[in-house]
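Below is one structure, written out as structure tokens; comments come after it.
The values are calculated or read from the model by the stated rules, or taken from the named source; none is laboratory data. Since the structure is predicted, the reported quantities are computational estimates derived from the model, not experimental observations. Cβ sites come from the backbone with ideal geometry, for glycine too, and all protein chains shown count toward neighbours.
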Amino acid sequence: MFGNPDLPQREGVQLRAAWAEALGTTLSAFEGSSVTRVERADLDAVIVVAVGDATVVAGPPRVKAALAALSVAALRDADAIAAALPGSRAIGTGHLLFTGTRPGHPPLTVVDASSMDVASVGASLPEDAWAEAGVQEMAHRWAARDGDRAVAIAGYQRWHGTVAHLGVASAPAQRRRGFAFSAASRAVCAAIDAGLVAQWRTRVGNEASLRLAERLGFTRLGTQAAVALPAS
């Protein structure tokens, strides 16, 4: 129905293992075409991760019955999940992409990002776009500059041991000039050189982010849907 991604063995195992650990299930849950349901009393959200035809649904016991009534396609859509759970809020549905290959040296000069670089790029973006990029809290960050001013920031955060979760943000006025690509390329190279698999997550509908990821050599792995639940 959805098809299985052709993952290299090492990268595939690392990614599946990281998501299995994050959701509280086993590696085998991401094999075949099954729907695995994980009851997590500690969660105040529903998180659904799909890899190929396999789907893993994690959420608290109180939403079990409502989720059981949804089709597989609906479970992969945050809006559809939220519609079935009164009082909930769709956080969003995103593509998950990966690469285990260095994209090559960035075409523009990239330097280690200072706190001022990060603040400068962040100030140029709407609050929701800056939050979605996620680079502010990342431990490893690089900046591409136009003259003395940072116009793009990219970084990664080590996630569940073997995965580097990537983020990139660029000033709107400086887009389509290679700055975001250069900063992101440096971040991906650093992650790969550290022995990690690079993961890119982008909201469905954010075609610019998707194109950038694919230009960097990322391959689509699956999707993630997240829905915030009201207090019990």
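For the range 15-30, check the following and say yes or no: at least one residue is assigned to a strand (DSSP E or B), surrounded by 19 or more Cβ atoms within 10 Å (Cβ to Cβ), at pLDDT below 95 and not assigned by TED's automatic domain parsing to the domain that holds Val163. Before you say what the answer is, go through the steps one by one.
From the range 15-30, those assigned to a strand (DSSP E or B) are none; that's our starting set.
No, that holds for no residue.
With respect to Val63, determine if the residue is modelled with pLDDT of 90 or more, β-branched (Val, Ile, Thr), assigned to a strand (DSSP E or B) and at negative phi.
Values: modelled with pLDDT of 90 or more: yes; β-branched (Val, Ile, Thr): yes; assigned to a strand (DSSP E or B): no; at negative phi: yes.
When the stated conditions are applied, Val63 does not pass them.
Could you tell me which of the residues Ala228, Ala208 is modelled with pLDDT of 95 or more and either under 30 Å from Asp79 (Cβ atoms) or touching a Phe, Trp or Tyr at 6+ places or on another chain (Cβ under 7 Å) (or both)? Write out each step before concluding.
Working: Ala208 fails: modelled with pLDDT of 95 or more.
When all the criteria are applied, what remains is Ala228.
Does any residue of the range 105-119 turn out to be polar (S, T, N, Q) and buried (at least 19 other Cβ atoms within 10 Å of the Cβ)? Full working, then the answer.
Just the residues of the range 105-119 that are polar (S, T, N, Q), to begin with: 109, 114-115.
Add one more test, that the residue is buried (at least 19 other Cβ atoms within 10 Å of the Cβ), and what stays is none.
No, there is no match, as no residue in the range 105-119 is polar (S, T, N, Q) and buried (at least 19 other Cβ atoms within 10 Å of the Cβ).
Would you confirm whether or not the range 87-95 contains a residue that is outside the structural domain of Ala164 (by TED's automatic domain parsing), of a type in the set (A, V, I, L, M, F, W, C) and either under 14 Å from Gly222 (Cβ atoms) or modelled with pLDDT of 90 or more (or both)?
yes
Checking the conditions here, which among Ala73, Ala50 is of a type outside the set (Val, Ile, Thr) and in contact with a Phe, Trp or Tyr (Cβ under 8 Å, 6 or more places away or on another chain)? Outline the logic, then answer.
Numbers: Ala73 fails: in contact with a Phe, Trp or Tyr (Cβ under 8 Å, 6 or more places away or on another chain).
Unique residue meeting the criteria: Ala50.
Could you look through the range 183-195, keep only residues that are of a type outside the set (Asp, Glu) and either surrounded by fewer than 22 Cβ atoms within 10 Å (Cβ to Cβ) or out of contact with any strand residue (DSSP E or B) (no Cβ under 6 Å at 6 or more places or on another chain) (or both), and pick out the one that is nearest to Val110 (Cα to Cα)? Can you show your working first?
Restricting attention to the range 183-195, the residues satisfying the condition of being of a type outside the set (Asp, Glu) are 183-192, 194-195.
If we keep only those that are either surrounded by fewer than 22 Cβ atoms within 10 Å (Cβ to Cβ) or out of contact with any strand residue (DSSP E or B) (no Cβ under 6 Å at 6 or more places or on another chain) (or both) as well, we get 185, 189-190, 192, 194-195.
Details: Ser185: 9, Cys189: 12, Ala190: 12, Ile192: 17, Ala194: 18, Gly195: 21 Å.
Per the criteria, the residue is Ser185.
Suppose we filter Val57, Val63 for residues that are touching a Lys or Arg at 6+ places or on another chain (Cβ under 9 Å) and either outside the structural domain of Arg201 (by TED's automatic domain parsing) or not charged (D, E, K, R) (or both); which single one remains?
Values: Val63 fails: touching a Lys or Arg at 6+ places or on another chain (Cβ under 9 Å).
From the options Val57, Val63, the qualifying one is Val57.
Which of the residues belonging to the range 160-178 are buried (at least 17 other Cβ atoms within 10 Å of the Cβ) and either of a type outside the set (Val, Ile, Thr) or closer than 16 Å to Leu212 by Cβ (or both)?
Ala164, His165, Leu166, Gly167, Val168, Ala169, Ser170, Ala171, Gln174
Residues that are crowded, with 18+ Cβ neighbours inside 10 Å, of a type in the set (A, V, I, L, M, F, W, C) and either touching a Pro at 6+ places or on another chain (Cβ under 9 Å) or within 24 Å of Arg16 (Cβ to Cβ) (or both): does the range 125-142 have at least one?
Checked against the condition, which is being crowded, with 18+ Cβ neighbours inside 10 Å, of a type in the set (A, V, I, L, M, F, W, C) and either touching a Pro at 6+ places or on another chain (Cβ under 9 Å) or within 24 Å of Arg16 (Cβ to Cβ) (or both), the range 125-142 yields at least one hit.
Within the range 66-84, restricting attention to residues that are in a loop (DSSP other than H, G, I, E, B) and not hydroxyl-bearing (Ser, Thr, Tyr), which residue is surrounded by the most Cβ atoms within 10 Å (Cβ to Cβ)? Steps first, please.
Narrowing the range 66-84 to residues in a loop (DSSP other than H, G, I, E, B): 69-71, 76-77.
Next, only the ones that are not hydroxyl-bearing (Ser, Thr, Tyr) stay: 69-70, 76-77.
Values: Ala69: 8, Leu70: 19, Arg76: 22, Asp77: 19.
The qualifying residue surrounded by the most Cβ atoms within 10 Å (Cβ to Cβ) is Arg76.
When you look at Ala113, is it in the same structural domain as Phe181 (by TED's automatic domain parsing) and modelled with pLDDT of 90 or more, yes or no? I'd like the intermediate steps shown before the answer.
Working: in the same structural domain as Phe181 (by TED's automatic domain parsing): yes; modelled with pLDDT of 90 or more: yes.
Yes, satisfied.
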